[in-house]
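K.L.:
Structure provided below as structure tokens; questions to follow.
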Amino acid sequence: MSDDGTAGDSAPAPKSNTARARSTVLARVVTYGVVLILGAIAVAFTPRLPDPKPAAEVLSSAPGPATPAAPVWREHHDTLARGETLTALLGRAAIIGRDLARVLQSATPLDERRVPAGLTLTSRTLKSDSVPSELVFQLAVDHILTVRRSDSGWVSTEETLPWVTDTIALAGSITSTLYDALDAAKSDLPAANRAELAWALADIYEYRVDMSRDLQPNDVFRVLVERRRGPQGAVRLGSILAATFTVAGSELQAIRHERSDARAGYFDQDGKSMRAAFLRAPLEFRRISSVFGMRKHPILGIWRQHAGTDYAAAQGTPVRSVGDGVVIFAGRKGGYGNAIEVRHPNGFVTRYGHLRGFAKVTRRGARVDIGQTIGFVGMTGLATAPHLHFEVLVGGVQRNPRVALAMKGGEPLPPSERDTFERERGALIALLQRDAASARLAARP
Ligand SMILES: [Zn+2]
């Protein structure tokens with residue numbers, strides 16, 4: 001349905017000064033990768049390993065005289081089980097007796113009493129030998145401890161494996177939700193990273209787009225994001241650098257920009273902050289399980305146009321105030337059950353119903369900030385399932401939250417920063433268009 005491209009190290013301006021360092025780092029990562037792959041097929045040729053005696057033996061038993069064989073290694077992977085000791089793990093790798101004592105003595109970063117379950121050990125043994133010559137402990141995804149047998153005994157070295165950063169572009173079109181669209185987007189991002197990216201994207205747009213309600217099938221998004229790749233295929237997402245969202249035919253860009261005071265933020269194509277006076281939804285997008293539209297009221301049993309917006313979410317999900325304001329009501333209110341009303345500037349009042357309970361701060365007269373948790377989802381009042389009922393009132397009249405909270409944009413960048421911003425935006429959007437071009441085509445029905 002879509003595709004991704006790799007922009008490479010030199011692409012984003014903020015990273016270019018480290019590009020050279022990264023290419024060195026990349027070479028090292030490739031080296032480690034090769035080592036691991038060879039390990040996976042259990043036979044590797046490693047002439048550099050220091051081991052004096054057996055190499056000659058293996059050589060002498062080599063089958064063909066034309067190709068002098070390198071030493072043949074057996075590799076064994078093992079994991080420390082819960083409650084197990086390091087001694088037991090090493091014992092399975094045939095490290096016992098005097099070798100065991102020396103390995104434990106040499107591997108100082110490993111504290112026998114505090115090794116975490118799940119610690120992995122790769123032991124490498126010459127085929128002609130019974131005791132391993134090399135032990136590799138994976139202390140963290142990017143941190144290994146190697147203990148090698150040498151003439152002078154067991155010697156340990158610690159290494160921090162490097163991460164490489166590049167940028168990737170993903171594109172997709174909405175079929176059901178942003179989460180599903182990103183999950184379906186063809187990319188080599190692991191599933192957890194795709195979910196993380198969906199939430200991060202929703203967070204950037206949360207003042208402009210209610211990702212749970214405003215999106216329509218075939219709305220298109222593109223996103224340019226930093227990707228950090230570590231050893232063994234570990235992937236971490238960095239910052240989103242740029243994104244475009246085409247919602248109901250109009251494109252809304254979000255460009256990451258570091259301000260002159262070094263604070264980074266996201267700005268739209270007009271240079272206005274993506275942050276605005278109101279959040280578009282009182283629940284975080286990642287917490288919403290579904291939305292209700294016009295429907296038969298489950299208890300009153302009649303069809304009605306709902307005056308507010310209902311968000312289905314689990315009991316206890318935090319409910320946040322969509323804007324700065326003052327609590328004017330917090331208590332029981334008929335069919336709303338436990339309800340909160342917050343008064344905002346310009347005559348706006350927001351109402352939150354069916355709550356299980358209130359946050360500590362939520363008392364009549366209390367000031368609340370935008371995004372602050374004021375209560376928790378429940379099913380008090382006329383509700384048959386846990387959900388949040390949300391209303392916007394303007395001048396005392398219920399309004400469609402979608403229309404009432406639609407924001408043109410936040411604070412604009414100061415004129416002194418506009419030229420820089422426009423240059424950055426141009427470069428990022430060009431990159432996004434280039435790398436997501438194939439994806440965009442593929443996403444068309
Ligand atoms: Zn409702």
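K.L.:
If I go through the range 330-346 residue by residue, how many of them are more than 29 Å from Tyr205 (Cα to Cα) and either loosely packed, with under 15 Cβ neighbours inside 10 Å or of a type in the set (Val, Ile, Thr) (or both)?
P.N.:
Residues flagged as more than 29 Å from Tyr205 (Cα to Cα) and either loosely packed, with under 15 Cβ neighbours inside 10 Å or of a type in the set (Val, Ile, Thr) (or both) within the range 330-346 amount to 3.
K.L.:
Can you give me the number of residues within the range 365-389 that are over 29 Å from the mean Cα position of the chain (by Cα), within 16 Å of the ligand (Cβ to nearest atom) and not polar (S, T, N, Q)?
P.N.:
Going through the range 365-389 one residue at a time, the tally reaches 6.
K.L.:
Same structure, new question: Of the conditions (1) within 16 Å of the ligand (Cβ to nearest atom); (2) modelled with pLDDT of 85 or more; (3) closer than 30 Å to Asp180 by Cα, Gly337 clears all except one; give me its number.
P.N.:
The failed condition is (3).
K.L.:
For Gly316, which of the numbered conditions (1) away from the ligand (no atom under 16 Å from the Cβ); (2) open to solvent by less than 30 Å² (accessible area, probe 1.4 Å); (3) not in a loop (DSSP other than H, G, I, E, B) fails to hold?
P.N.:
Unmet condition: (3).
K.L.:
Which residue out of Val392, Val403 is within 19 Å of Glu206 (Cβ to Cβ) and within 16 Å of the ligand (Cβ to nearest atom)?
P.N.:
Criteria check complete, one pass: Val392.
K.L.:
Does the range 118-127 contain at least one residue that is of a type in the set (S, T, N, Q) and open to solvent by less than 20 Å² (accessible area, probe 1.4 Å)?
P.N.:
Among the residues of the range 118-127, at least one is of a type in the set (S, T, N, Q) and open to solvent by less than 20 Å² (accessible area, probe 1.4 Å), which makes the answer yes.
K.L.:
Which residue, of Leu201, Leu241, Leu197, is closer than 24 Å to Val403 by Cα and out of contact with any His (no Cβ under 6 Å at 6 or more places or on another chain)?
P.N.:
Testing whether each residue is closer than 24 Å to Val403 by Cα and out of contact with any His (no Cβ under 6 Å at 6 or more places or on another chain) leaves just Leu201.
K.L.:
Kindly establish whether Ala70 is in a loop (DSSP other than H, G, I, E, B) and either at pLDDT below 90 or open to solvent by 30 Å² or more (accessible area, probe 1.4 Å) (or both).
P.N.:
Taking the combined requirement at face value, the residue satisfies it.
K.L.:
Would you check if there is a residue in the range 249-265 being touching a His at 6+ places or on another chain (Cβ under 9 Å) and either surrounded by fewer than 16 Cβ atoms within 10 Å (Cβ to Cβ) or not assigned by TED's automatic domain parsing to the domain that holds Asp310 (or both)?
P.N.:
yes
K.L.:
Condition first: within 18 Å of Phe278 (Cα to Cα) and not aromatic (Phe, Trp, Tyr). Now tell me which residues in the range 333-365 satisfy that.
P.N.:
Ile340, Glu341, Val342, Arg343, His344, Pro345, Asn346, Gly347, Val349, Thr350, Arg351
K.L.:
Then there is this: Sort out for me the strands (runs of 3 or more DSSP E) sitting completely within the range 171-272 that have 3 or more residues that are in contact with a helix residue (DSSP H, G or I) (Cβ under 9 Å, 6 or more places away or on another chain).
P.N.:
Once the strands (runs of 3 or more DSSP E) in the range 171-272 are filtered for at least 3 residues that are in contact with a helix residue (DSSP H, G or I) (Cβ under 9 Å, 6 or more places away or on another chain), what remains is 220-229, 235-247, 250-258.
K.L.:
Name the one entry in Arg434, Arg364 that is out of contact with any Asp or Glu (no Cβ under 7 Å at 6 or more places or on another chain), in a loop (DSSP other than H, G, I, E, B) and surrounded by fewer than 16 Cβ atoms within 10 Å (Cβ to Cβ).
P.N.:
Arg364
K.L.:
Only one residue in Ala88, Ala81 is assigned to a loop (DSSP other than H, G, I, E, B) and modelled with pLDDT of 90 or more. Which one?
P.N.:
Unique residue meeting the criteria: Ala81.
K.L.:
Inspect the range 300-320 for any residue being touching a residue at least 12 places away in the same chain (Cβ under 8 Å) and more than 22 Å from Ile288 (Cα to Cα) and give the result as yes or no.
P.N.:
The answer is yes; a qualifying residue exists.
The values are calculated or read from the model by the stated rules, or taken from the named source; none is laboratory data. If you're wondering where the values come from, they're calculated on a predicted model, not measured in any experiment. Using ideal geometry, Cβ is built from the backbone for each residue, glycine included, and neighbour counts are taken over all protein chains shown. With ligands, DNA and RNA removed, areas are computed over all heavy atoms of the protein, side chains included. Shrake-Rupley method; radii C 1.70, N 1.55, O 1.52, S 1.80 Å.
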